[in-house]
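These notes are about the structure you will find just below.
The values are calculated or read from the model by the stated rules, or taken from the named source; none is laboratory data. Since we're looking at a predicted model, the values are computed, not measured. Glycine also receives a Cβ, built like all others from the backbone with ideal geometry; neighbour counts cover every protein chain displayed. Heads up: the accessible areas ignore ligands, DNA and RNA and are worked out on the full protein's heavy atoms, side chains in. Shrake-Rupley method; radii C 1.70, N 1.55, O 1.52, S 1.80 Å.
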Amino acid sequence: MPTTVSTADRKQAVEELARYGLNPERYNVAGIVRDAWITGNGSQATWRAAVEKNRYPFLVGDMVRIVLLQNGFPQRMYGRIEGFVMENGRAYRRRVLNPHSAYVDLFESSCWIRPVSEITPELDDFEITSEHEVVHRDGPVHNFGIFHCASGDHGGYPPPADVLVTHKASGTKSRFCNTCNIPHVRARLGHEMWQNRKLYRETIRELTERPEVITGPIGNYDANLNRRWADAFPYLVPAKAAELYKQWKEQQSDDA
């Protein structure tokens, strides 16, 4: 049985992918044709399996997140994939479905090599809502209840926001127009959130080693400072300190 993929078959496969709203650039089209129509039986189930098998998990230019250990703390950092390498460190000469590692050019660091298994697509870190009533809930009265795009890329005249983007790990929300709801802008938001971990690493270290300081008396300066910090950055509070602070707040409510 011939295994050569014809131009006509390739064109038909591209059209099928587009019909299902899939980007042909992210698929090994020749592999799909071989697995679905040449060596496969051509059924819908075979087609779906071929499509799933032949999808490139990552491509050069993709925005991703990796985790680096800095000063004893895991630091989540975002960057763009610049290329792929084999286990021996040599670069691949062609596209492969399952590369071993990737070069990732980070926002504020040099290029790092990380196994593909340790790389996360930036989109996985965010929830995106486009429902108008959710995006503009509690919008500013002076602007008829409409929020503007918060990307900072529009100068003094930002357009109305189209989506509400939530960074899952921190719970931080931001609103963007459709033009700015792109990987680079979302990754920049996530990067800023995790840079706070680097900025406040001494506070995190103290609350990890001495979590009870967050429950100090109301008149205690350090305790008050730690509580204000915890309210501002709840996603950075160590687990034990967060538990004690929750109990402390409940106790304050009961005493009131």
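When you scan the stretch 125-137, do you find a residue that is under 16 Å from Ile182 (Cα atoms) and open to solvent by less than 30 Å² (accessible area, probe 1.4 Å), even just one? Yes, there is a match, as at least one residue in the stretch 125-137 is under 16 Å from Ile182 (Cα atoms) and open to solvent by less than 30 Å² (accessible area, probe 1.4 Å). Within the stretch 77-129, the only residue that satisfies the criterion of being part of a loop (DSSP other than H, G, I, E, B), β-branched (Val, Ile, Thr) and under 14 Å from Asp62 (Cα atoms) is Ile119.
With the requirement that a residue be open to solvent by less than 90 Å² (accessible area, probe 1.4 Å) and of a type in the set (Asp, Glu), what does the stretch 98-124 give you? Hits for the stretch 98-124 are Asp105, Glu122, Asp124.
Any residue at all in the stretch 13-23 that is surrounded by 14 or more Cβ atoms within 10 Å (Cβ to Cβ), under 30 Å from Lys168 (Cα atoms) and touching an Asp or Glu at 6+ places or on another chain (Cβ under 8 Å)? Taking every residue of the stretch 13-23 in turn, none turns out to be surrounded by 14 or more Cβ atoms within 10 Å (Cβ to Cβ), under 30 Å from Lys168 (Cα atoms) and touching an Asp or Glu at 6+ places or on another chain (Cβ under 8 Å). Just a yes or no: is a residue in the stretch 65-77 at pLDDT 95 or above, aliphatic (A, V, I, L, M) and open to solvent by less than 60 Å² (accessible area, probe 1.4 Å)? No, the stretch 65-77 contains no residue that is at pLDDT 95 or above, aliphatic (A, V, I, L, M) and open to solvent by less than 60 Å² (accessible area, probe 1.4 Å).
Please verify whether Asp162 is charged (D, E, K, R), open to solvent by 20 Å² or more (accessible area, probe 1.4 Å) and at pLDDT below 90, treating the condition exactly as stated. Spelling it out, it is not the case that Asp162 is charged (D, E, K, R), open to solvent by 20 Å² or more (accessible area, probe 1.4 Å) and at pLDDT below 90.
For the stretch 42-67, the candidate set comprises residues that are assigned to a helix (DSSP H, G or I) and touching a residue at least 12 places away in the same chain (Cβ under 8 Å); within that set, the residue that is farthest from Tyr103 (Cα to Cα) is Trp47.
Can you spot a residue in the stretch 209-224 that is among the small types (Gly, Ala, Ser), within 26 Å of the chain's Cα centre (by Cα) and either over 20 Å from Gly72 (Cβ atoms) or open to solvent by 80 Å² or more (accessible area, probe 1.4 Å) (or both)?
So in the stretch 209-224, the residues among the small types (Gly, Ala, Ser) come out as 216, 219, 223.
Of the ones still in play, those that are also within 26 Å of the chain's Cα centre (by Cα) are none.
No, the stretch 209-224 has no match at all.
Somewhere in the stretch 28-41, is a residue in a helix (DSSP H, G or I), among the polar types (S, T, N, Q) and free of Cβ contacts under 8 Å to residues at least 12 places away in the same chain? No, because not a single residue in the stretch 28-41 is in a helix (DSSP H, G or I), among the polar types (S, T, N, Q) and free of Cβ contacts under 8 Å to residues at least 12 places away in the same chain.
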